[in-house]
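The values are calculated or read from the model by the stated rules, or taken from the named source; none is laboratory data. The shown structure was predicted, so the numbers you read here are calculated from the model rather than taken from an experiment. As a convention, Cβ positions derive from the backbone with ideal geometry for all residues, glycine included, and neighbour counts pool all protein chains shown. Just so you know, the surface numbers come from the protein's heavy atoms only, side chains and all, with ligands and any DNA or RNA stripped out. Shrake-Rupley method; radii C 1.70, N 1.55, O 1.52, S 1.80 Å.
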Amino acid sequence: MSYGANFPAAWRQSGIYVARILKGAKPADLPVLQPTKFELVINLKAAKALGLEIPPMLLARADEVIE
């Protein structure tokens, strides 16, 4: 199971930063941004191998379920 920042969204935000710098903004003047989009990924095969049972409610809330 993994819960963390959504990488495509983070890369997109990095691209926005690069564009601002290329347009002349000073990196020191740019704000530090934190991720705003997170995702939950559950690997059912690994959970089964470890003898874990994932509650159905958690499976329903997951962004991605690997079977």
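For the stretch 53-67, filtered to residues that are over 20 Å from the mean Cα position of the chain (by Cα) and farther than 13 Å from Met1 by Cβ, the residue that is least open to solvent (accessible area, probe 1.4 Å) is Pro56. Which of the residues belonging to the stretch 18-45 are touching a strand residue (DSSP E or B) at 6+ places or on another chain (Cβ under 8 Å) and in a helix (DSSP H, G or I)? Result: Leu44, Lys45.
The selection criterion, being of a type in the set (Ser, Thr, Tyr) and either within 25 Å of Met57 (Cβ to Cβ) or open to solvent by 60 Å² or more (accessible area, probe 1.4 Å) (or both), holds for Ser2. Summed over the stretch 23-53, residues that are at pLDDT 95 or above and in contact with a helix residue (DSSP H, G or I) (Cβ under 7 Å, 6 or more places away or on another chain) total 2. Could you check the stretch 15-52 and list, in sequence order, the residues that are exposed (fewer than 11 other Cβ atoms within 10 Å of the Cβ) and either within 16 Å of Glu64 (Cα to Cα) or of a type in the set (Gly, Ala, Ser) (or both)? Of everything in the stretch 15-52, those that are exposed (fewer than 11 other Cβ atoms within 10 Å of the Cβ) and either within 16 Å of Glu64 (Cα to Cα) or of a type in the set (Gly, Ala, Ser) (or both) turn out to be Gly15, Ala19, Gly24, Ala28, Lys45, Ala49, Gly51.
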